[in-house]
Amino acid sequence: MKAYIVPILLSFLFIASTKTEAQSQYKYGKIESSELEMKIYPQDSSARAVVLYEEGFSDFVYNDNVGFTVKTEVKCRIKILKPEGAEKATISIPTYRKGRVEETVNGIEAYSYNLENGKTTKVKLEKANIFEEKVSDRLYLTKLAIPGAKEGSVIEYKYTLSSPFYYNVDGWTFQRDIPVQQSKYEVRIPEFFIFKREAKGYEHITTTEKDENQTLSFFYEGGAHIVNFTSKDYLFKVENIPALIGDNYVWQVSDFLSAVRFELAGTNIPGQYTKSYNHDWNSVEKTIKEETDFVKNTQRTVPYKDELKQIASIADEREKLAAVYGLIKSKIGWDGKYAFTDNPSDAFKTGLGNNAQINGALISALNQVGIKAFPVLIRRRSQGRLPLSVASFDKISTFIVAAQLSDTTMHFMDGSAKYGGVDMLPTDLLGDRGRTFDPSGRNNDFIDLSKSAKNQTTTVNIAHLSEDGTVKVKSASYFKMQPAYGYKANYAALKDSAEYIEKYEANNKVKVENMAITGHKDKFSPLVKEEVAYTCQASKRGNFIYVNPLLIPHFTKNDFTQSERKLPVEFSYPYTYQITTTIFIPEGYAVEELPKGARVVLENKEGGLTYSAAQQDNAILVSYRFQLNEVVFPFMSYPMLRDFFGIAATKNTEMIVLKKL
């Protein structure tokens, strides 16, 4: 990477570049009998595997041909405790490329060890089990499939990663989805490089640092020179940290793993003035504009001139916006892939493209008809959040389209949205941290996409209860925006309407008499309406009938029952859920008991619940309304959220009690 090398440093030799203590006790290749005999991990008996030991050591080196590189030596030993833990024998090593400059992985070595008839057997990783996978033009994975790994095995591997991108020291992630018994990371940084460091996660990381004197020699103007310098040696250690496993209420658990990260703040190299680096999003946007065709790909001429000419004459901007979106989606189908900088030209020809190609065409088309459109850079939820402070091009996974109308309202679209129109996106794209990208560089900022639509589900029930406990119901449900998107996606995954009705009956314990659905096959409709007539059975015991007035409840189980929680709670999107029921009671019965009314409002109005039940002549009117206004709740709010959902689950299970006169 000679573009980054100081011209006067023609030869650079580091002396005394040995590790300090990261390898003080652990010996690679020496497997203990106790490790092979281990059946469970005492600190977590449910663990499918455990990292017994891992270490990393990063050092800066110099070579006349390539300049500075950062070499990181990695060693790791893992015990497989259960059959499902064998997946840990597949190792993925990410490497990055930029033009012709790339990171390399060398010195790969791996073994699996097993105890067979009282003897230790050893299987070596062969070259045939090492392969490379392309993730994007910049990111590749070197994968190791360690043979012979199974329940009871100990696997061990090592490799050296050489990176010419010395200004990006990766740091180290100490926590995984399995427990870690011991993990160490050491990095030695010469005084010529000024890095800021940041620890993240919930586990304590022991940190020590010390100065280390080193010497370098270089040739300049025909003579040899000796320079003494100081390196800062950092050692980070953790012991016995638990697995961090996500659940249905965490978008991407890697956002919260305990780790240490580094950011280059400046350089102070002999013979050159001190240089500061600003790794902010303005610099990333500059890189995108100068080093990629991203801007060009969102400004290419769209070949649908006649159609766009007709659309341009539409007076209502929202109608015009929807028409352009519909046109592009009808011309280019989504191929199931996400991308970032791809050229839409091929998609114009083939009628098939990834979301970046569709979105590039959409931005161009919207601007052609006079609607301001621009990209919003995002990282998909399943891949983690875009970083706020340490900006990174490589953290961007794709982009969606933003359109700003003359009244300043913003609307969002994406080529991968198979079941929605404007402002209806797959939940994987509904992150709370997107970055607007205006090529002019004006007013770019972070925006929250998780609240981009008003999402609502409303059900109205008319029910007649018979003396034998049979309940005949006519129900109409309305699914708006994201609930409509989810409904259409779920319906499309089934074989036909008969299968949908079958699942409806099984899930809700009812017998469907007839059903009519509208909007479920309209890919752009923001609304799905479901009308259904069904019968269900109330509970009859002697002279009493017990019936849940919600009929098909919102939810009856509180998912939040743990006493405490380390992770935040992250929902798919904000929404309102309403059920209104009118139940006509049978002649000869009187109301013995009604559910009590309730009203709950969370302290900062992040959510709320109202419930009411009242008798009017021979009918009982019940109203339920659940509202979730926030998507992300920090772990400090967990007790409040647990209690709130507990109240809601209880109200969803309460019964009307009728007594025979």
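The values are calculated or read from the model by the stated rules, or taken from the named source; none is laboratory data. Because the structure is a prediction, the values reported are computed rather than measured. Cβ sites come from the backbone with ideal geometry, for glycine too, and all protein chains shown count toward neighbours. Side chains included, ligands, DNA and RNA excluded: accessible areas come from the protein's heavy atoms. Shrake-Rupley method; radii C 1.70, N 1.55, O 1.52, S 1.80 Å.
Residues in segment 580-606 that are over 17 Å from I620 (Cβ atoms) and crowded, with 18+ Cβ neighbours inside 10 Å were compared, and the one that is farthest from the chain's Cα centre (by Cα) is L602.
The rows are residues; the columns are (1) over 20 Å from D468 (Cβ atoms); (2) among the hydroxyl-bearing types (S, T, Y).
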residue	(1), (2)
Y589	no, yes
P595	yes, no
L602	yes, no
K605	yes, no
Y611	yes, yes
A619	no, no
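Sort through E133, E198, E126, E191 and tell me the only one that's farther than 24 Å from K27 by Cα and either at pLDDT 90 or above or open to solvent by less than 30 Å² (accessible area, probe 1.4 Å) (or both). After ruling out the rest, the residue left standing is E133. Only one of these is in contact (Cβ under 8 Å) with a residue 40 or more places away in the chain and open to solvent by less than 70 Å² (accessible area, probe 1.4 Å): Q299, Q357. Name it. Within the list Q299, Q357, the selection yields Q357. Check whether at least one residue in segment 168-176 is within 28 Å of the chain's Cα centre (by Cα) and in a strand (DSSP E or B), and report yes or no. Within segment 168-176, one or more residues are within 28 Å of the chain's Cα centre (by Cα) and in a strand (DSSP E or B).
Residues in segment 395-414 that are buried (at least 19 other Cβ atoms within 10 Å of the Cβ) and in contact with a Leu (Cβ under 7 Å, 6 or more places away or on another chain): I396, F399, I400, V401, A403, H411, F412, M413, D414. When residues in segment 637-661 are screened for being of a type in the set (D, E) and either more than 33 Å from the chain's Cα centre (by Cα) or within 30 Å of N618 (Cβ to Cβ) (or both), 1 of them pass. Look through segment 640-661, keep the residues that are free of Cβ contacts under 8 Å to residues at least 60 places away in the same chain and of a type in the set (D, E, K, R), and return whichever of them is surrounded by the fewest Cβ atoms within 10 Å (Cβ to Cβ). The qualifying residue surrounded by the fewest Cβ atoms within 10 Å (Cβ to Cβ) is D643. Would segment 614-631 turn up any residue that is at positive phi and open to solvent by less than 30 Å² (accessible area, probe 1.4 Å)? No: zero hits. Scanning segment 457-500 for residues that are outside any loop (DSSP other than H, G, I, E, B), open to solvent by 50 Å² or more (accessible area, probe 1.4 Å) and either under 22 Å from N548 (Cβ atoms) or touching a helix residue (DSSP H, G or I) at 6+ places or on another chain (Cβ under 6 Å) (or both) yields V460, I462, H464, K472, K474, Y478.
Against the conditions (1) in contact with a Phe, Trp or Tyr (Cβ under 8 Å, 6 or more places away or on another chain); (2) under 24 Å from S452 (Cα atoms); (3) surrounded by fewer than 19 Cβ atoms within 10 Å (Cβ to Cβ), Y577 satisfies every one except (3).
Residues satisfying the criterion are present in segment 172-180 (criterion: of a type outside the set (G, A, S) and over 22 Å from P42 (Cβ atoms)). Across segment 365-394, the qualifying residues are those that are polar (S, T, N, Q) and surrounded by fewer than 18 Cβ atoms within 10 Å (Cβ to Cβ), and the one among them that is nearest to the chain's Cα centre (by Cα) is S382. The set of residues in segment 24-41 that are open to solvent by less than 80 Å² (accessible area, probe 1.4 Å), assigned to a loop (DSSP other than H, G, I, E, B) and under 17 Å from A110 (Cα atoms) comprises Y26, Y28, G29, I31.
State whether one or more residues within segment 314-330 are under 27 Å from the mean Cα position of the chain (by Cα) and among the β-branched types (V, I, T). Scanning segment 314-330 turns up no residue that is under 27 Å from the mean Cα position of the chain (by Cα) and among the β-branched types (V, I, T). Would you point out the residue of segment 502-547, among those that are closer than 16 Å to S466 by Cβ and assigned to a loop (DSSP other than H, G, I, E, B), that is most open to solvent (accessible area, probe 1.4 Å)? Result: N543. None of K305, K289, K349, K337 is of a type in the set (K, R), touching a residue at least 24 places away in the same chain (Cβ under 8 Å) and surrounded by fewer than 22 Cβ atoms within 10 Å (Cβ to Cβ) except K289. Just one residue in the set I146, I91, I178 is out of contact with any Ser or Thr (no Cβ under 9 Å at 6 or more places or on another chain) and crowded, with 21+ Cβ neighbours inside 10 Å; that residue is I178. Filtered by the rule that a residue be buried (at least 20 other Cβ atoms within 10 Å of the Cβ) and among the β-branched types (V, I, T), segment 548-574 gives I552, V569.
Residues of segment 437-456 that are under 19 Å from E285 (Cβ atoms) and open to solvent by less than 10 Å² (accessible area, probe 1.4 Å): F437, L449. Of all the residues in segment 467-484, those that are under 17 Å from N508 (Cα atoms) and touching a residue at least 60 places away in the same chain (Cβ under 8 Å) number 6. Looking only at segment 97-122, residues that are exposed (fewer than 13 other Cβ atoms within 10 Å of the Cβ), in contact with a helix residue (DSSP H, G or I) (Cβ under 9 Å, 6 or more places away or on another chain) and in a strand (DSSP E or B) come to 1 in all. The residue of segment 239-286 that is farthest from R433 (Cα to Cα), among those that are modelled with pLDDT under 95 and hydroxyl-bearing (S, T, Y), is Y273. Taken over segment 330-345, the criterion of being assigned to a helix (DSSP H, G or I) and touching a Gly at 6+ places or on another chain (Cβ under 7 Å) is satisfied by K331 alone. Could you list all residues from segment 123-155 that are assigned to a loop (DSSP other than H, G, I, E, B), of a type in the set (A, V, I, L, M) and under 14 Å from I108 (Cα atoms)? Correct list: L125, I146.
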